[in-house]
Amino acid sequence: MGDMNSSQGELAETWRINHRINLRLLDALTDGQLAATILPRGKTVTSYFVHIHMARFYWLERRSRALAKGLKKIPGGTASRSALRQALMDSSTAMEEFFAEAERTGKIKGSKLGPIGFLGYALAHEGHHRGQILLHLKIAKKPLDRATSYTLWYWSKI
């Protein structure tokens, strides 16, 4: 974790922790869990991760086209595990750069929220979808094991 005596880089570091939690969850899931649905022709767990990536893409596209430029869209909420993991890593790196720049300038283009407010919004969005994933798996009778679920809250160790 960053130097707690200085706020320099704390937004980007907080974003990195959030990203590592997403990857920890993704990596802990079996292929069966990623494909789990609770309704016929309903969303899969994979589709939530795709949505997280695509939300990042759209946030960047509106606020920092240069950072969005190298990101790939994932159509239709489907992707292989490896493609999904790479997309999340790429969009997270771009978001990290976005927050580092926002921290330097004190501004977020196209948002009434400042850098801290926008980071809070982004973290809440991704945390909400992690919660949906865990609930989805529970309803599908394919829950994440308890030990791994608890590690998603170990922010100081991730």
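The values are calculated or read from the model by the stated rules, or taken from the named source; none is laboratory data. Treat the numbers as computed from the prediction; the structure is a model and nothing was measured. Glycine also receives a Cβ, built like all others from the backbone with ideal geometry; neighbour counts cover every protein chain displayed. Surface areas here come from the heavy atoms of the whole protein model, side chains and all, with no ligands, DNA or RNA. Shrake-Rupley method; radii C 1.70, N 1.55, O 1.52, S 1.80 Å.
Output wanted: per-residue J couplings in Hz (rounded whole) for the stretch 142-155, from phi through Karplus 6.51 cos²θ - 1.76 cosθ + 1.60, θ = phi - 60°, x for Gly and Pro.
Along the stretch 142-155, the couplings run 9, x, 5, 5, 4, 4, 5, 4, 5, 5, 5, 9, 8, 4 Hz.
Tell me, what is the per residue accessible area of the stretch 11-158 in Å², probe radius 1.4 Å?
55
Simple spin-label model, 7 Å along Cα-to-Cβ: residue 37 to residue 65 in nm?
If labels sit at residue 37 and residue 65, their model points lie 3.8 nm apart.
With n ≥ 4 as the cut-off for DSSP H runs, can you work out [θ] at 222 nm for the chain, using -39500 (n - 2.57) per run divided by the number of residues, rounded to the nearest 500?
Estimated from H runs of four or more residues: -21000 deg cm²/dmol.
Over the stretch 5-149, what is the mean sequence separation of C-alpha contacts under 8 Å (at least six apart), divided by residue count, expressed as relative contact order in percent?
The normalised contact order for the stretch 5-149 reaches 34 percent.
Over the stretch 1-110, with every protein chain in place, what whole percent of the accessible area is carbon and sulfur at 1.4 Å, could you tell me?
For the stretch 1-110, the apolar C and S fraction of the accessible surface comes to 52 percent.
Longest exposed-loop-site-free stretch of the chain, with chymotrypsin sites (Phe, Trp or Tyr not before Pro), DSSP loop and at most 13 other Cβ within 10 Å?
By the stated rule (loop sites, at most 13 other Cβ atoms within 10 Å), 1-152.
Which one, [x] 109; [y] 130; [z] 192, gives volume of the Cα convex hull per residue in Å³ as derived from the coordinates shown?
Here the calculated entry is [x].
Quick one: which of 73/109; 112/141; 69/142; 109/157; 43/112 span more than 30 angstrom between C-alpha atoms?
Pairs exceeding the cut-off: 112/141; 69/142; 109/157; 43/112.
Convex hull over the Cα atoms of the stretch 54-104, averaged projected area in nm²?
Directional mean of the projected Cα hull area for the stretch 54-104 stands at 3.3 nm².
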